[in-house]
Every structure is written in C-alpha cells, then in structure tokens.
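Below you'll find the structure, written out as structure tokens, and then a few comments.
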Amino acid sequence: QVHLVESGGGSVQAGGSLLLSCEISGATGNNYYLAWFRQAPGKEREGVAGIGSDSITTYAASVKGRFTISKDAAKNTLYLQMNSLKPEDSAVYYCAAGRSRVLVPRSFPNWGQGTQVTVSS
C-alpha cells in the first residue's frame with residue numbers, strides 16, 4: 001500500500017551532519033504517523049524520531065537536540081536532519097509509516113529499505 005525509499009546515508013566524521021530523505025508513495029490515509037528508526041549490528045531496531053499528521057514530533061532521548069524530523073507534504077518526503085553525529089549513531093536508518101504515535105517497530109506496517117549511516121571517531 002505505502003512504499004518508502006530512504007536516501008542520504010553515508011560516512012561522516014564525528015561532529016558532522018547528514019540529511020536523510022524518505023520518498024513516500026501510496027496513500028497514507030488520515031491520522032498517519034511517520035517515523036525514523038535505526039538498527040546497529042547486534043542491536044534491536046529502535047525508534048529515533050516521529051512526526052504526526054498534526055506535525056507534533058517525538059524524539060528519542062539519545063538524539064534530542066541533535067536530530068530534527070520534518071516533512072514536506074507537497075514533495076511527499078520525510079526528512080531527518082542529523083547534526084553533531086556521534087559514532088554511536090552508526091546504524092542502518094529506516095523510515096516507516098503507520099497510524100500510531102508509539103515508536104516501536106510493531107506499530108509501523110510500512111518500511112523503507114534502509115540507508116547506512118557510519119560515523120567515525
């Protein structure tokens with residue numbers, strides 16, 4: 001139903017920045033929620049940030065103040081601006097769409113393919 005494609009990942013040094021984008025196609029319906037998750041090797045997938053159709057945002061404590069989630073409805077695109085990157089931010093980042101504000105994977109039935117972010121110290 002809903003397809004998402006991430007882009008913008010890459011390798012940066014600690015303290016650097018990256019902008020991730022997620023192109024969304026298909027109908028999201030009313031009361032949709034968009035989010036970014038990440039998963040590092042040996043770790044469970046964790047919620048990073050989310051934004052509702054009302055534009056209210058949610059951030060994981062580990063990224064609050066450094067990352068900013070936003071969306072451009074006209075472009076059907078979700079963004080994650082990542083600043084002051086740390087090595088522990090290294091992971092595959094996924095965008096997701098669902099109908100719940102709870103930042104857990106099971107709340108999101110639609111996922112992108114992921115984009116790798118590597119932060120070196």
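The values are calculated or read from the model by the stated rules, or taken from the named source; none is laboratory data. Bear in mind the structure is a predicted one, so any value in this text is a computation, not a measurement. Heads up, the Cβs are rebuilt from the backbone with ideal geometry, glycines too, and the neighbour counts pull from every protein chain shown.
Remarks
- Some residue of region 86-94 being touching a residue at least 60 places away in the same chain (Cβ under 8 Å), farther than 20 Å from residue 121 by Cα and among the basic types (Lys, Arg): no
- Here the condition is being closer than 21 Å to residue 121 by Cβ and either modelled with pLDDT of 95 or more or of a type in the set (Phe, Trp, Tyr) (or both); of 21, 62, it holds for 62 alone.
- Applying the criterion of at least 3 residues that are surrounded by 21 or more Cβ atoms within 10 Å (Cβ to Cβ) to the strands (runs of 3 or more DSSP E) found wholly in region 1-99 leaves 18-25, 33-39, 46-52, 77-82, 91-98.
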